[in-house]
1. Averaging over every viewing direction, what projected area does the convex hull of the Cα atoms of the chain cover, in nm²?
2. Along each of the three principal axes of the Cα atoms of the stretch 6-61, give the extent in whole Å, ordering the values from largest to smallest.
3. Kindly rank 157-164, 47-54, 190-197, 99-106 from highest to lowest mean number of other beta carbons found within 10 Å of each residue.
4. If you fit an axis through the alpha-carbon atoms of helix 131-152 and take the longest principal axis of the Cα set of the chain, what angle between them do you get, 0 to 90°, nearest 10?
5. Evaluate Rg over Rh across the stretch 160-209, taking Cα atoms for both radii and Kirkwood's formula for Rh.
6. Mind telling me which of Ile198, Ile141, Ile74 comes out most flexible in a GNM of the chain, alpha-carbon contacts under 10 Å?
7. Mind pulling the angle between the C-alpha long axis of helix 108-127 and the longest principal axis of the chain? Nearest 10 degrees, somewhere in 0 to 90.
8. Between helix 28-39 and the chain, what is the angle of the helix's C-alpha long axis to the longest principal axis, kept within 0 to 90° and rounded to the nearest 10?
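Read-outs throughout are calculated quantities, based only on the coordinates presented, and are distinct from any laboratory measurement. Worth saying up front: this structure is predicted, and the values here are computed from it rather than measured. For neighbour counting, all protein chains shown are included, and Cβ atoms are generated from backbone atoms with ideal geometry for every residue, glycine included.
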Amino acid sequence: MENREVFLKAMQERYSCKRFDENRKIPKEDLEMILEFGRLSPSSFGMEPWRFSVVQSQTLKERIRPLCWDQPQITTCSDLVLVKSILGPLAPGSRYSRDMLSRRDLPKEKVEAYCDLYDTFAAHKLATEGLFCWGSKQCYIAAANMMTGAAAMGIDSCPIEGFEKEKVEALLEMDPAKEELALIIAFGYRVKPAPEKIRLPLDQIVEYL
């Protein structure tokens, strides 16, 4: 099977699984591969704003579930991945941004110019949409790669936005000055076949200019 066919098959078979097989656990090496898919994802300016908290404790899942509209996938999944976006480190002039932009072997003057460009960009984001809005967009890139990669491995997933953000963050004792919760992804194995995938045809969503 060609690479594109493998990817297409994963996209066709991936769906938002609402209930998982509670008796099946994702092997450690497979879970780490899914997380690696997220780690290797692209991000604006290479800031890699995502951070992943993997919830495996059933007790903690049960505490999180009421804050997620009581959705069954929270407690039936094998692993619950909380995708967070860092905030303070993304601020213009931060040590983190300097370190991230200095990782490549570039002349000092080019690094400084790139840092100045980033500071201008980040200051604009901070003043307009906010750093969390910008950071969470990058998190969604990582989330998509994790879910598609998981599907290629025969592992199901469900992206979740239906949660009480502030309450989940409080439960996890997150520092809102440092990071915020972007979305939650449940990973595991389906208990029944996926429904038919329904999407608009290409000619309704694509134009060539």
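1. Details: hull surface 60.7 nm².
One quarter of the hull surface, i.e. the mean projection, equals 15.2 nm².
2. 41, 32, 22 Å, listed from the longest principal axis down.
3. Details: 157-164: 17.4, 47-54: 18.9, 190-197: 10.9, 99-106: 12.6.
Listed from highest to lowest mean packing, they are 47-54, 157-164, 99-106, 190-197.
4. Roughly 40 degrees, rounded to the nearest 10.
5. Working: Rg = 18.3 Å, Rh = 15.2 Å.
Reported Rg/Rh (Cα atoms, Kirkwood Rh): 1.21.
6. Ile198
7. 60 degrees
8. Around 40 degrees separate the two axes.
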